[in-house]
Amino acid sequence: MSRPTESARALESSRHTPCAVRQGTGSVRAPRQSAEHETVSPSANGMRRVPATWDENARKRLRAGRRGATVLIVLLLLCITLGLSYAIVRSQTTALEVQQNASVRVSARRAALTGLAAGLKEMHTSEWCYGEGVDTTLSGWIGDHERYQVSYAAGDPSLALDDPDYPYRVTLLSTGTATDPTDPERSATHQARAVVRLAPRSVADEPTDWATMQGYTVYQSKYDHFDVDVPCRMVGPVRVQGRLEVAEHYPDDGDAWERYLSDLNAMRLAGYPDYRPFDGPVTLCFWAQEPKYLFALEYYLGVTQVFTDVDEAAADWSLPGSFAEYQIYPGGPLYTIPWLSSTLADSLEPDPTSNPLGLFYRNGDVTIEDDVTIRGSLFCQHDVRIEGANVQFEPVELPTTDGAEGSLRIPTLTCNKLVATATSSGSVTGLAAVFDELRIDKSPGTQVFAFTGRVIARELHVKERHPWEEVPWADRYNEFKTQLAAGDASAVPYFPVWMGMRGYHPKPLVTFQPDPDPVTYHWKNRYDPIYVPHPDDDGLRWDLLEWTDRL
């Protein structure tokens, strides 16, 4: 094998270091060759020529790749810019939408509150109370794009139905609606609610003599009979139009009768409870009385008498006709009055939603049996006969008018005749209006019947306490005087006390007394509501209790 020549070795060296030519001991970078120059590379069978343009093409491809990356980066930045621009535009559009929606909602709220104010104002007008009242739907526009609608409902949803304040409250619900002036499809609604309470200032007209009647515990409306047997007690002022008779049936001995009545007053002065049939004053007509009763009132019983002429109740004092329904205030709900049968064996109570005042009507006579409580007002076209024990009449308390004390009541019992039989017992609290006869029948001395409030009747009879009418009063009075004359230290100085020790206690169990607390009574006419607008007002007045627009 021949040894390589010097030129061949040089070519081999240049293949490994194409950019430099080794000379001597140093090396220098070869000058850049022109495109025409060629290099020589060894090949398996010798030598082959390599074009000088190889390196230049590589550099061109490198430059072209760099230019593509730059374009890609620019496109990427352009996409990011466009995305940000879209997001900004989108955000601004959303903000505008939110702003427009909020503006419409504010307009709807404004409409609801405006409606609420208009609804409250409407309630104070006569058009509301004498129009449809709680059935009214009030609506109106505020410009071209806002409107409201107000509805009324009796009561207050925050109260229990049996709350005594419930019938005097009204709930207003105002719904406001608004639309976008630039986009009718964009709308909003808002609701506001208010609760008001009736502020009563006046009641419906009453009979001519009503105010006068209220000045007496017992008031006789016509010139007729008025008789009271002992033991019985009427506390407070009494008005007698006709002839008064006191202790008519017993004691049937004149001396015993005088001593019994005078000792009742002596006992009071000595510190005993007051058991006199009257404590006065008693207003009556002088010429209509029997002298002995006038003398007994003043000198035996020590009761103040006021003399005046007969002054019967005017013609407008009359028993109402049939009742079917009632209103508490004009514009309020109409409540149906239940009608009763001829026998009442079960208690009666108000219904908070259908009959809150507890008004009941009987178109005829009614008999009341044992353990019956009537809470409310009984109107009877004819006679009420109480035969049962433990019969109770109780009133429903109503709000008083402006400036009045206590509570307001309508009559607890209104009827033609009222009879408490010998088997009865019980009480009547409130006002009893009896257009003919009020009679407590002859009954056992243990019978208890109490009237607390007012009694108005044409004639009044409190009959004997059995067996007081069977006592031999002359004999008993002689026995009393005998023990008194004996001078014994244990002698009983008062005839009623002495009789009480023998089973005839002088304490009255049939009583008539005024209300212990301030009460105003109102006469319920057939068609009138209880409360009406005050003459100085256009309509009713209402107190705003609460309002909210967060529903």
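For the stretch 352-487, count all C-alpha to C-alpha pairs, find those more than 20 Å apart, and express that count as a whole percent of the total.
Working: 4944 of 9180 pairs.
Taking all Cα-Cα pairs of the stretch 352-487, the fraction more than 20 Å apart is 54 percent.
Cross-link reach is defined here as a Cα-Cα straight distance under 20 Å, omitting same-chain residues fewer than 8 places apart; for residue 442 the lysines meeting it are 417, 463, 507. Size of the stretch 400-551: Rg and Dmax of its alpha carbons, in Å, are 24.9, 89.
DSSP beta bridges confined to the chain are antiparallel in about 40 percent of cases.
Against the main long axis of the alpha-carbon atoms of the chain, helix 54-123 sits at an angle near 10°. In order along the stretch 436-441, the Karplus-derived 3J(HN,Hα) couplings, from 6.51 cos²θ - 1.76 cosθ + 1.60 at θ = phi - 60°, round to 10, 10, 9, 9, 9, 4 Hz, and Gly and Pro are given as x. Taking Lys and Arg as +1 and Asp and Glu as -1, the other residues whose beta-carbon sits under 13 Å from that of residue 374 total -3. Averaging Cα coordinates gives a centre for the stretch 376-438 and one for the stretch 247-300; these two points are 28 Å apart. Once the convex hull of all Cα atoms in the chain is built, its volume per residue stands at 395 Å³. Helix 473-485 and the longest principal axis of the Cα set of the chain meet at an angle near 90°.
The aspartates and glutamates whose alpha-carbon is closer than 17 Å to the alpha-carbon of residue 524, local same-chain residues fewer than 8 away aside, are 205, 206, 209, 316, 325, 394, 397. Between residue 404 and residue 427, the contour length at 0.36 nm per residue exceeds the Cα-Cα span by 5.6 nm. The label-point distance for residue 70 and residue 105, in a model that sets each label 7 Å from Cα toward Cβ, rounds to 5.3 nm. The simple Förster model, with R0 at 60 Å and r as the Cβ-Cβ distance, assigns residue 77 and residue 142 a FRET efficiency of 0.70.
Placing R0 at 51 angstrom, the Cβ-Cβ distance between residue 205 and residue 180 gives a FRET efficiency of 0.40 after rounding to 0.05.
Taking 7 Å steps out from each Cα toward its Cβ at residue 365 and residue 153 produces label points 4.8 nm apart. Here the label points at residue 351 and residue 489, each 7 Å from Cα along the C-beta direction, are separated by 7.0 nm in the simple model.
All of the numbers you see were taken from the coordinates with simple rules; none came from a lab. A quick note: this is a predicted structure, and the numbers were derived from the prediction, not measured. Note that each Cβ is placed from the backbone with ideal geometry, even for glycine, and that neighbours are counted across all protein chains shown.
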